[in-house]
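Novice: Got a structure for you, written out below as structure tokens; questions coming shortly.
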Amino acid sequence: MAVMFEGAEVILPDGIETVSVRVENGHITGLDGAVDGAKRVDARGLILAPALVDIHGDAFERQLMPRPNVFFPLDVALLETDRQLAANGIATAYHALTLSWEPGLRSVEHGTRILDRLAALEPRLAVENRLQLRWETFCFEAQPLIERALAGAQTPSVAFNDHTSMAMLDPAIPLQERPFDLVADYPAIDLARTAATGKFEKRAARSGIDARAYIRLLGEMWERRPQVAGAIASVGTRARAHAAPMLSHDDTQIETRDFYRGHGARISEFPMNDRVALAARGAGDWIVFGAPNVVRGGSHIGSPSAADMVSRGLCDILASDYYYPAMLGAVAQMRAENRAPLHALWKTISTNPARASGLTDRGEIAPGKRADLVLIDWPEGGAPAPVLTLSAGRIAHAARGFGL
């Protein structure tokens, strides 16, 4: 069935216009063209925009484990996550699936089950649920799963994470200033002296083990450090062979960004200081910050203000990070602050994440593009609320009678 949206303010690549948008067979087939038998949808007073593309979101973990070590069935959790995505106007999501040496929620075993269940549930999902393989670089055991995921029908992205070196950092050094993780003289803590400080209680609870067991395991992983560079090179080679987009996470040094760019990671995800963001921009990399950073008025760990980075041209993409509604909320807040025109701000949550991820078929309203669309009720001074989300032309979410 063909559908013609009429009367909406439409967010186009170069501005906002009141034009009709025709959708048929999962694609946008024309702007301001003939109705030609299409079902007409009165969208006056609403905004029609490209649906959101979330390049990094781990809020799905709350459905999987809403309390420490309390797990829910994967199908229940993943279907609920899918509904939340659609209701927030997100038609493409990369779930940040941590593959870690930690047991429990972020283990390779749990990641394998999620990969399998997402594939099995795919026909029932409302939007496109992809994976960001958020690989902890000390977790060598994850490499077979990474290779398997890369060979799947939906190419995942690969994010290089090193929370092991973060955990081992001497607390006298600010997290945003930590040296390149693989330097020979990395300032590491003494685990024997750390055992009684309670530093790892939360990580241990998430892993389902006590703090002493966690510290022992962390020490064993730290001994792998001489082999980490080789593991990174191996994963980078595999990702390049599958043309998978690659990201490096929480960069703190230009050397860090240069290192991962050398392995093919052209996306700097959550750079932790200005100099890294400036270096990434100078090299032509994509730069990602968290949308909750904008909504909350700043980073919860002291990293740069994402809103300020957008204003300075040092942020291309805003990710949901840990809260799906934050993407729309961030654009609404920056629009209210007059940081940029709405059509330019919208690119941070749709066009740019799609392009950075190699998804050239979506992210903007133009003939021939996938009909990934969101119709938004957005009163002056109010919060935006999606009333209809289309994923490849199919209804993913409908409210207020917009069931077509």
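The values are calculated or read from the model by the stated rules, or taken from the named source; none is laboratory data. Every value quoted in this text rests on a predicted model; they were computed, and no experiment measured them. Counting neighbours? That spans all protein chains shown, and the Cβs are built from the backbone with ideal geometry, glycine included.
Novice: Give the residue that is nearest to residue 267 (Cα to Cα), with candidates limited to residues of the range 140-186 that are polar (S, T, N, Q) and surrounded by 15 or more Cβ atoms within 10 Å (Cβ to Cβ).
Specialist: Let us first name the residues in the range 140-186 that are polar (S, T, N, Q), namely 143, 154-155, 157, 161, 164-165, 176.
Retained after the next criterion (residues that are surrounded by 15 or more Cβ atoms within 10 Å (Cβ to Cβ)): 143, 155, 157, 161, 164-165, 176.
Values: 143: 21, 155: 16, 157: 10, 161: 13, 164: 21, 165: 20, 176: 18 Å.
Checked the range 140-186; the qualifying residue nearest to residue 267 (Cα to Cα) is 157.
Novice: Taking the range 369-404 as the region of interest, how many residues are farther than 20 Å from residue 337 by Cα and either in the same structural domain as residue 92 (by TED's automatic domain parsing) or among the charged types (D, E, K, R) (or both)? Don't jump to the end; show me each part of the working.
Specialist: Pass one, the range 369-404, residues farther than 20 Å from residue 337 by Cα: 369-375, 386-404.
Pick out the ones that are also either in the same structural domain as residue 92 (by TED's automatic domain parsing) or among the charged types (D, E, K, R) (or both) and you get 369-370, 372, 394, 400.
So the count comes out to 5.
Novice: Just for the range 70-106: of the residues that are in contact with a helix residue (DSSP H, G or I) (Cβ under 6 Å, 6 or more places away or on another chain) and free of Cβ contacts under 8 Å to residues at least 24 places away in the same chain, which one is surrounded by the fewest Cβ atoms within 10 Å (Cβ to Cβ)?
Specialist: Restricting to residues being in contact with a helix residue (DSSP H, G or I) (Cβ under 6 Å, 6 or more places away or on another chain) and free of Cβ contacts under 8 Å to residues at least 24 places away in the same chain, the top hit is 80.
Novice: For residue 231, are the conditions met, namely being of a type in the set (A, V, I, L, M, F, W, C), surrounded by fewer than 24 Cβ atoms within 10 Å (Cβ to Cβ), assigned by TED's automatic domain parsing to the domain that holds residue 93 and outside any loop (DSSP other than H, G, I, E, B)? Explain how you work it out, then say what you get.
Specialist: Working: of a type in the set (A, V, I, L, M, F, W, C): yes; surrounded by fewer than 24 Cβ atoms within 10 Å (Cβ to Cβ): yes; assigned by TED's automatic domain parsing to the domain that holds residue 93: yes; outside any loop (DSSP other than H, G, I, E, B): yes.
Spelling it out, residue 231 is indeed of a type in the set (A, V, I, L, M, F, W, C), surrounded by fewer than 24 Cβ atoms within 10 Å (Cβ to Cβ), assigned by TED's automatic domain parsing to the domain that holds residue 93 and outside any loop (DSSP other than H, G, I, E, B).
Novice: If residue 199 satisfies all but one of (1) outside any helix (DSSP H, G or I); (2) on the phi < 0 side of the Ramachandran plot; (3) over 28 Å from the mean Cα position of the chain (by Cα), what's the number of the condition it fails?
Specialist: (3)
Novice: Which of (1) in contact (Cβ under 8 Å) with a residue 24 or more places away in the chain; (2) assigned by TED's automatic domain parsing to the domain that holds residue 291; (3) in contact with a Leu (Cβ under 6 Å, 6 or more places away or on another chain) is the odd one out, the single condition residue 10 does not satisfy?
Specialist: Failing condition for residue 10: (2).
Novice: Could you list all residues from the range 324-349 that are of a type outside the set (A, V, I, L, M, F, W, C), surrounded by fewer than 18 Cβ atoms within 10 Å (Cβ to Cβ) and touching a helix residue (DSSP H, G or I) at 6+ places or on another chain (Cβ under 8 Å)?
Specialist: The answer is 335, 337, 339.
Novice: Scan the range 153-183 residue by residue and report those that are at pLDDT below 95 and small (Gly, Ala, Ser).
Specialist: Once the filter is applied, which keeps residues that are at pLDDT below 95 and small (Gly, Ala, Ser), the range 153-183 yields 153, 167, 172.
Novice: Right, another one. Within the range 356-404, work out how many residues are over 23 Å from residue 17 (Cα atoms) and either out of contact with any strand residue (DSSP E or B) (no Cβ under 8 Å at 6 or more places or on another chain) or surrounded by 12 or more Cβ atoms within 10 Å (Cβ to Cβ) (or both).
Specialist: Step one: filter the range 356-404 for residues over 23 Å from residue 17 (Cα atoms), giving 356-359, 394-401, 403.
In the following step, the residues that additionally are either out of contact with any strand residue (DSSP E or B) (no Cβ under 8 Å at 6 or more places or on another chain) or surrounded by 12 or more Cβ atoms within 10 Å (Cβ to Cβ) (or both) were identified as 356-359, 394-399, 401.
Final tally of qualifying residues: 11.
Novice: Considering only the range 60-89, state which residues are more than 28 Å from residue 205 (Cα to Cα) and in contact with a Gly (Cβ under 8 Å, 6 or more places away or on another chain).
Specialist: Scanning the range 60-89 gives no hits.
Novice: How about the range 187-216: which of its residues are surrounded by fewer than 16 Cβ atoms within 10 Å (Cβ to Cβ) and aromatic (Phe, Trp, Tyr)?
Specialist: Scanning the range 187-216 gives no hits.
Novice: Of the residues that make up the range 55-62, is at least one outside the structural domain of residue 248 (by TED's automatic domain parsing) and part of a loop (DSSP other than H, G, I, E, B)?
Specialist: For the range 55-62, residues outside the structural domain of residue 248 (by TED's automatic domain parsing) and part of a loop (DSSP other than H, G, I, E, B): absent.
Novice: Quick check on my filter: what residues within the range 11-32 are more than 17 Å from residue 45 (Cα to Cα), part of a loop (DSSP other than H, G, I, E, B) and of a type outside the set (D, E, K, R)?
Specialist: Across the range 11-32, the qualifying residues are 13, 25, 26.
Novice: When residues of the range 227-243 are filtered for being over 14 Å from residue 162 (Cβ atoms), of a type in the set (S, T, N, Q) and touching a residue at least 60 places away in the same chain (Cβ under 8 Å), how many remain?
Specialist: 1
Novice: Can you tell me which of 257, 238, 206, 216 is assigned to a helix (DSSP H, G or I), at pLDDT below 90, in the same structural domain as residue 172 (by TED's automatic domain parsing) and in contact with a helix residue (DSSP H, G or I) (Cβ under 9 Å, 6 or more places away or on another chain)? I'd like the intermediate steps shown before the answer.
Specialist: On the way: 257 fails: at pLDDT below 90; 238 fails: at pLDDT below 90; 216 fails: at pLDDT below 90.
From the options 257, 238, 206, 216, the qualifying one is 206.
Novice: Please find, among 7, 45, 33, the residue that is over 29 Å from the mean Cα position of the chain (by Cα) and at pLDDT below 95.
Specialist: Numbers: 7 fails: at pLDDT below 95; 45 fails: at pLDDT below 95.
Every option except 33 fails the conditions.
Novice: Name the pairs: first residue in the range 389-403 and charged (D, E, K, R), second residue crowded, with 18+ Cβ neighbours inside 10 Å and outside any strand (DSSP E or B), Cβ to Cβ under 7 Å, at least 6 apart or on different chains?
Specialist: Pairs found: none.
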